[in-house]
Amino acid sequence: MKKAIISVSNKDNIVELSNFLINNNFTIYSTGGTYNTLFNNCINNENILKISDLTQFPEILNGRVKTLHPHIYAGLLADKSFETHLNDMNNHNLSYFDLVVCNLYPFDKEPSIENIDIGGVSLIRASSKNYKNIVILSNPNQYQDFISNYNNIDDLLGIDINKRKTYAIDGFSMTSNYDNLIYKHFSQIDNLVNLKYGMNPHQSTTQ
């Protein structure tokens, strides 16, 4: 069976996508609230497992650490054209992933420390980097496009290489914009903190 990781903050249409994957012989590994949503609403929850079932390590630090584990990232980053990668995967009994579905905590709507996504950004970046070997969906708007283009040919991961590259570019765009949003937010805070009493933002602290 093919393997997917699904970990999303925005759960729009995620059950519909997951049902499609299950009907196409995917096993889905998921985290936290996403796991609960899928397990309780999908057509066959036997195909839905927790990430911790694979890593054999629980989610810790109030969910700050869920997916950051070699059993996950080896399966995301392994390049099947490299014999050394194949050997490492085999020697350490690691699983390959075929699909990652991930979007990020809504820092734009609630700019808080806990809404700075770490694991999600890493999932998207790793999968985008390795688009020749894995499919990355980082936006619910892509789900129907994926379903429409999926052809279930194993050597193409169900999606041709050009489409996979397009999804990867979208993934890099998302993480870039996300990091820029966080940078701008904290830069504004720092500028306010560094101002002396009575100063305007355009003034230097030496004035």
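The values are calculated or read from the model by the stated rules, or taken from the named source; none is laboratory data. The model shown is predicted, which means the values in this text are computed figures rather than measured ones. Every residue, glycine among them, receives a Cβ derived from its backbone with ideal geometry; neighbour counts consider all protein chains shown. Quick note on the areas: whole protein, heavy atoms, side chains included, nothing else; ligands and nucleic acids left out. Shrake-Rupley method; radii C 1.70, N 1.55, O 1.52, S 1.80 Å.
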Inset, instruction - Would you check the accessible area of residue 89, probe 1.4 Å, heavy atoms only, in square angstrom rounded to 10? - result: 10
Inset, instruction - Would you please give the residues with an amide H less than 5 Å from that of residue 50, counting only those at least 5 places away or on a separate chain, with H modeled from the backbone geometry? - result: 30
Inset, instruction - First select every other residue whose beta carbon is under 11 angstrom from the beta carbon of residue 59; then total the charges, Lys and Arg +1, Asp and Glu -1. - result: +3
Legend entry - Spatially close lysines, pair count over the chain: Cα under 12 Å, gap of eight or more or interchain: 5
Inset, instruction - Quick one: compute the contact order of the chain, relative version, from alpha carbon pairs under 8 angstrom and 6+ residues apart, as a percent. - result: 19
Inset, instruction - Estimate the FRET efficiency between residue 176 and residue 43 by the formula 1/(1 + (r/R0)^6), using the beta-carbon distance for r and 35 Å for R0, to the nearest 0.05. - result: 0.45
Inset, instruction - Pop out the carbon and sulfur fraction of the accessible area of region 111-175 as a percent, whole number, probe 1.4 Å. - result: 50
Legend entry - region 82-121: chymotrypsin sites (Phe, Trp or Tyr not before Pro) falling in loop per DSSP and having at most 14 other Cβ within 10 Å: 82
Legend entry - Rg and Dmax [Cα atoms of the chain; Å; Rg one decimal, Dmax integer]: 19.6, 67
Legend entry - Helix 14-23 vs. the chain, principal-axis angle (Cα, 0 to 90°, nearest 10): 20
Inset, instruction - Run through all the Cα pairs of region 58-141 and give the fraction in each 10 Å bin from 0, expressed as whole percent. - result: 17, 42, 29, 10, 1
Legend entry - Sequence-separation-based contact order of region 71-143, relative, with Cα cut under 8 Å and 6+ spacing, percent: 38
Legend entry - Simple Cβ-charge dipole of region 1-82, Lys/Arg +1 and Asp/Glu -1, about Cα centre, in debye nearest 20: 140
Legend entry - Cleavage-rule hits (trypsin sites (Lys or Arg not before Pro)) in region 1-51: DSSP loop, at most 16 neighbouring Cβ within 10 angstrom: 11
